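Trainee: Here you go, one structure.
The values are calculated or read from the model by the stated rules, or taken from the named source; none is laboratory data. Computed from a predicted model, the values in this text were never measured in an experiment. Neighbour counts are summed over all protein chains in view; Cβ atoms, including those assigned to glycine, are modelled from backbone coordinates with ideal geometry.
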Amino acid sequence: MFTGIIEDVGRIKLISDSKIEVETKLDDISKGGSIAVNGICLTAVKLTQNSFFADYSPNTDKITNFSKLQINSKVNLERALKLSSRLGGHIVSGHVDGTASIKKIEKQNNFYKFSFACGKNILKFCVDKGSIAIDGISLTISKVFSDYFEVFVIPETFNNTAIAFKSVGSAVNIENDILAKYIERFSNKKANDISFEILERSGFTDEK
């Protein structure tokens with residue numbers, strides 16, 4: 001479990017055959033521990049003095065932006081949440097729902113407005129002022145449109161995460177708010193469970 005508060009911007013040293021090596025300044029990573037790389041929960045399987053190795057599945061490669069990464073690519077890193085930690089962002093599981101592409105980047109005073117184009121599978125969980133994780137960064141949606149959404153990025157976030165290295169057309173990983181996904185799931189289940197027989201037994205029909 002993560003919070004979406006990025007702890008370090010790492011650098012890809014190796015990415016091949018479903019294995020990745022990431023250079024990082026973080027010094028509290030243990031073998032077998034979880035770490036989010038661009039919002040993807042991975043397990044550290046090997047450690048060196050200044051890097052860690054992790055494996056990732058073909059499905060991860062398919063639904064995330066890992067296929068776009070190259071040697072020296074910058075990635076956002078966050079270690080797993082401790083129970084004693086403050087929840088500074090929002091609850092992030094590290095299970096990416098899909099990708100979006102950067103449609104527009106606008107600088108407004110000291111802030112940056114990013115527009116992200118994405119499919120309905122992402123947009124159906126997006127609401128104005130709702131939470132979303134973009135490449136593992138906890139951000140707040142400012143506005144939702146028919147085929148894209150916008151977020152404002154404060155200078156602190158821009159200067160201390162890999163989003164500063166993105167450009168128009170870049171692919172980013174998206175994890176929708178888990179609370180929104182549960183609500184949508186339960187709402188659909190409740191609607192699908194309603195039948196004519198249930199309505200009749202409950203007195204909502206006038207048939208005898």
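Trainee: Scan (1) surrounded by fewer than 15 Cβ atoms within 10 Å (Cβ to Cβ); (2) under 15 Å from the mean Cα position of the chain (by Cα); (3) modelled with pLDDT of 95 or more for the single condition T43 breaks and write down its number.
Mentor: Among (1) surrounded by fewer than 15 Cβ atoms within 10 Å (Cβ to Cβ); (2) under 15 Å from the mean Cα position of the chain (by Cα); (3) modelled with pLDDT of 95 or more, T43 violates only (2).
Trainee: Within the range 52-80, which residues are at pLDDT 95 or above, farther than 22 Å from G32 by Cβ and small (G, A, S)?
Mentor: S73
Trainee: Could you tell me whether any residue of the range 95-102 is assigned by TED's automatic domain parsing to the domain that holds N173, more than 27 Å from T24 (Cα to Cα) and in contact (Cβ under 8 Å) with a residue 24 or more places away in the chain?
Mentor: no
Trainee: Suppose the filter is more than 14 Å from the chain's Cα centre (by Cα), charged (D, E, K, R) and closer than 30 Å to L179 by Cα; does D8 pass it?
Mentor: Criteria met by D8.
Trainee: Any residue at all in the range 93-100 that's at pLDDT below 95 and aliphatic (A, V, I, L, M)?
Mentor: no
Trainee: Residue check, A80 against (1) out of contact with any Cys (no Cβ under 9 Å at 6 or more places or on another chain); (2) over 17 Å from N173 (Cα atoms), all met but one. Which one?
Mentor: Exception for A80: condition (1).
Trainee: Still on this structure: Of the residues that sit in the range 25-40 and are polar (S, T, N, Q) and farther than 20 Å from V172 by Cα, which one is surrounded by the fewest Cβ atoms within 10 Å (Cβ to Cβ)?
Mentor: Ranking the qualifying residues of the range 25-40, first place goes to S30.
Trainee: When residues of the range 15-59 are filtered for being in contact with a Ser or Thr (Cβ under 9 Å, 6 or more places away or on another chain) and not in a loop (DSSP other than H, G, I, E, B), how many remain?
Mentor: The qualifying residues number 17.
Trainee: So the check is Cβ under 8 Å with 6+ separation or different chains; which pairs have a first residue in the range 156-185 that's at positive phi and a second one that's small (G, A, S)?
Mentor: Final answer for the pair search is G169/S101.
Trainee: Something else: Within the range 114-141, can you find the residues that are touching a residue at least 40 places away in the same chain (Cβ under 8 Å) and assigned to a strand (DSSP E or B)?
Mentor: F114, F116, S131, I132, A133, I134, I137, S138, L139, listed by residue number.
Trainee: List the residue pairs whose Cβ atoms are under 6 Å apart, where the first residue sits in the range 10-29 and is among the β-branched types (V, I, T), the second is part of a loop (DSSP other than H, G, I, E, B) and crowded, with 17+ Cβ neighbours inside 10 Å, and the two are 6 or more positions apart or on different chains.
Mentor: Listed pairs, sorted by first residue: I12/L69; I12/S73; I15/L69.
Trainee: How many residues are under 17 Å from S57 (Cα atoms) and at pLDDT below 95 when one looks only at the range 16-31? Reasoning before the result, please.
Mentor: Filtering the range 16-31 for residues under 17 Å from S57 (Cα atoms) gives 16-22.
Checking which are at pLDDT below 95 leaves us with 16-18.
The number of residues fulfilling the criteria is 3.
Trainee: I'm checking my understanding of the structure. Among residues of the range 60-94 that are in a strand (DSSP E or B) and of a type in the set (A, V, I, L, M, F, W, C), which one is surrounded by the most Cβ atoms within 10 Å (Cβ to Cβ)? Show your work before the answer.
Mentor: Applying the first criterion (in a strand (DSSP E or B)) to the range 60-94 yields 74-79, 92.
Filter again for of a type in the set (A, V, I, L, M, F, W, C), leaving 75, 77, 92.
On the way: V75: 28, L77: 24, V92: 26.
Across the range 60-94, the extreme among qualifying residues is V75.
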